[in-house]
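Structure first, commentary second.
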Amino acid sequence: DDLDWTCPYTGHEFEPVDLVTRRVDLDHIIPRSLRPSDSLDSLVVTFSAINRWKDKRTSWQFVRDEQGKQVPDLPNLHIMDLKRYEKSVQALDKRGHPDDQNRKKRRIERLLLERFEEKAGGFTPGHLTQTSQLSRLGQQVLRKPFEKLPDPPVFVALPGQLTARTRAAWDVLACLADAAPDVMETTTDNEGRDHRTVKHKTEIRGITHLHHALDACVLGLAADRFPNRGDIWRALIERRPSSAQRAQLEPLGLGEFDSSGGFRLNDLPEELKKQLRQRLAERRVVQHVPADMSGIRVEENTRGIVRREDGRVFLRQQKRNTEGLLVVNQTDEPESKVIGLRRADGKGGKLAAINGVRVVADNFGVAILANEKLPPTERFIIIPFARVWDQLKALKARNGDRPLKILRIGMQIDVLTGRYCGTWMVRGVQLNQRAGLLVDLSSPDVITYRLPGKPGAKQNVSLATILNAGLVIRRITLSGS
């Protein structure tokens, strides 16, 4: 009724019998692979032959490309020219209940849309954990350099449901076992026999970052093996495809139907799974460590000064405990980690009048001076995240104007020899008065590392020990090599 029983692309009228015989069909104005919505304002009715011909183009793009051409298998129908199409769309009925008016207006806007780009509105931080949303963001970034080409490449954003179904059917989660043994668990059957099984994906998300790499492999393999068609994707997701969907799937050889009509995808070849296991076992991870050293990262609350002694500041702070009662916390910090004691010119700082300071909450990193004869307490310098540039200039002067080696949390390092030989990510740094500077290390892919006996994690490792064993800061490329 919205379209006055008329095909929007040819201007040709259709009848109720055409709906029954499927001579006409529902068409997504914006391809469902780009905008997965079946709302009424996303659809029009057109001839089935046109729906197949339109493929992955928006309605406006389709008319622009095919205007004046004869419809395949329907020689009496032709696609109207673009100007007539735009005029007829503008003239579509907009009357009715306010809900009907809004629906009709949205459909008209989509029919006249030259190019679809997913809007940022409604996007939440939670979407960043969804493969389908990441895929769409990547698609937009990748498309930009090719915009002006006459025949730009096609980018495919596979739905999350399809990749989840594919990942389960191919049983690829076990391919993570060589890289992260914790993804496997031992279960006992009713007869008392033990079996090694892979944990659920939800649990694996808390074990290793490599599940993202595995998802990327599934996306690539699915895009390579499945036709780029939304109707095929919908059929693959169904547990028991309809007879029409079965007719679509059977010629493709993607899987088999069981006696109850259920469909199961063919497994991946074992040689391919072996390659996946080998590549994942390399544990290649890209970690972005921001180079920005501007600003000051301090606690919001001011602490009172009790006394200063041997380069340390003893502080007190009133806080409410969990029961709502005021309690006094007493702490001490090195002078380098507090702000407000004095200005750069030596005069009293802004908080001097109230005898208070703010504590720098984060460290920028650790500077390693080149003079190996210095004791660790003088050779390894923690850099608080406050006036970082000034600190680096002063440290460079102490280093004989030679370049500084800066170790920061999130960096990946290679230890060339000794008991810690291997590739590690720096996860934490702390100063011990007796042992010197200690670092926490883990395999680059490990998520939770602060567990006793955690495989792939080392805590309280002497920085002097790994420096003597040959410490090299890795230069990470986006390929992970």
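Data table
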{"quantity": "Check: the stretch 167-249 dipole with +1 on Lys, Arg Cβ and -1 on Asp, Glu Cβ, in debye", "calculated": "500"}
{"quantity": "HN-Hα J in Hz across the stretch 401-412 - Karplus 6.51, -1.76, 1.60, θ = phi - 60°, x for Gly and Pro", "calculated": "6, 8, x, 8, 9, 10, 9, 10, 4, x, 6, 9"}
{"quantity": "Candidate residues Glu114, Glu86: accessible-area rank, largest first, probe 1.4 Å", "calculated": "Glu114, Glu86"}
{"quantity": "Other-chain or far-sequence residues with amide H under 5 Å of Asp25's (modelled H)", "calculated": "Thr46, Phe47, Ser48"}
{"quantity": "The chain: calculated mean residue ellipticity at 222 nm from DSSP helix runs of at least 4, using -39500 (n - 2.57)", "calculated": "-8000 deg cm²/dmol"}
{"quantity": "Percentage relative contact order, the chain, counting C-alpha pairs under 8 Å, at least six apart", "calculated": "9"}
{"quantity": "Percent carbon-and-sulfur accessible area, the stretch 253-369, ignoring ligands, DNA and RNA, probe 1.4 Å", "calculated": "45"}
{"quantity": "Cut-off under 5 Å, modelled amide H: who pairs with Gly255 long-range", "calculated": "Asn266"}
{"quantity": "Mean Cβ neighbour count within 10 Å, used as a protection proxy, ranking 409-418, 39-48, 325-334 highest first", "calculated": "39-48, 409-418, 325-334"}
{"quantity": "From phi via Karplus (6.51, -1.76, 1.60), per-residue ³J(HN,Hα) for the stretch 370-379 in Hz, x at Gly/Pro", "calculated": "6, 6, 6, 7, 5, x, x, 5, 9, 8"}
{"quantity": "Carbon + sulfur, % of accessible area of the stretch 130-184 - ligands and nucleic acids excluded, 1.4 Å", "calculated": "59"}
{"quantity": "Listed residue pairs exceeding 28 Å between alpha carbons, taken from Lys337/Lys373; Lys274/Lys405; Lys373/Lys393", "calculated": "Lys274/Lys405"}
{"quantity": "Translational diffusion of the stretch 214-322, µm² s⁻¹ [Kirkwood Rh, Cα pairs; Stokes-Einstein; 37 °C; 0.692 mPa s]", "calculated": "160"}
{"quantity": "Probe 1.4 Å, all protein chains present, accessible-area order of Glu191, Glu250, largest first", "calculated": "Glu191, Glu250"}
{"quantity": "The stretch 47-97: radius of gyration and largest Cα-Cα distance (Dmax), Å", "calculated": "12.4, 39"}
{"quantity": "Order by protection proxy (mean Cβ within 10 Å, highest first), peptides 52-60, 281-289", "calculated": "52-60, 281-289"}
{"quantity": "Zero-based 10 Å bins, Cα pair distances in the chain, whole percents", "calculated": "3, 13, 18, 18, 15, 13, 11, 6, 2, 0"}
{"quantity": "Computed label-point distance, nm, for sites Ser242 and Asp4 using a 7 Å Cα→Cβ extension", "calculated": "3.1"}
{"quantity": "Cα convex hull of the stretch 293-451 - mean projected area over all directions, nm²", "calculated": "12.7"}
{"quantity": "Whole-number percent relative contact order across the stretch 293-390, with pairs defined as alpha carbons under 8 Å at least 6 apart", "calculated": "30"}
{"quantity": "Amide H contacts of Leu43 (H built 1.01 Å from N, under 5 Å, at least 5 apart or other chain)", "calculated": "Ile29"}
{"quantity": "Accessible carbon and sulfur surface of the stretch 1-94 relative to its total accessible area, %, 1.4 Å", "calculated": "51"}
{"quantity": "Rounded D (µm²/s) - the stretch 380-481, Kirkwood Rh over Cα pairs, Stokes-Einstein at 25 °C, 0.890 mPa s", "calculated": "165"}
{"quantity": "DSSP-assigned coil residues among trypsin sites (Lys or Arg not before Pro) in the stretch 412-458, each with at most 14 further Cβ atoms within 10 Å", "calculated": "Arg419, Arg434, Arg450"}
{"quantity": "Backbone N under 12 Å from the Asp55 label point (7 Å along Cα→Cβ), restricted to the stretch 219-257", "calculated": "228-229"}
{"quantity": "Peptides 232-239, 300-307 ordered by average Cβ neighbours within 10 Å, highest first", "calculated": "232-239, 300-307"}
{"quantity": "Ratio Rg/Rh [Cα only; Rh per Kirkwood] for the stretch 297-340", "calculated": "1.02"}
{"quantity": "Where the chain is the region considered: accessible area per residue in Å², 1.4 Å probe", "calculated": "59"}
{"quantity": "Exposure of Thr188 as accessible area (Å², to 10), given a probe of 1.4 Å and all protein chains", "calculated": "90"}
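The values are calculated or read from the model by the stated rules, or taken from the named source; none is laboratory data. From a predicted model like this one, the values you see are computed outputs, not experimental measurements. Every residue, glycine as well, gets a Cβ built from its backbone with ideal geometry; the counts of neighbours run over all protein chains shown. Please note that ligands, DNA and RNA were not included when accessible areas were found on the heavy atoms of the full protein model with its side chains. Shrake-Rupley method; radii C 1.70, N 1.55, O 1.52, S 1.80 Å.
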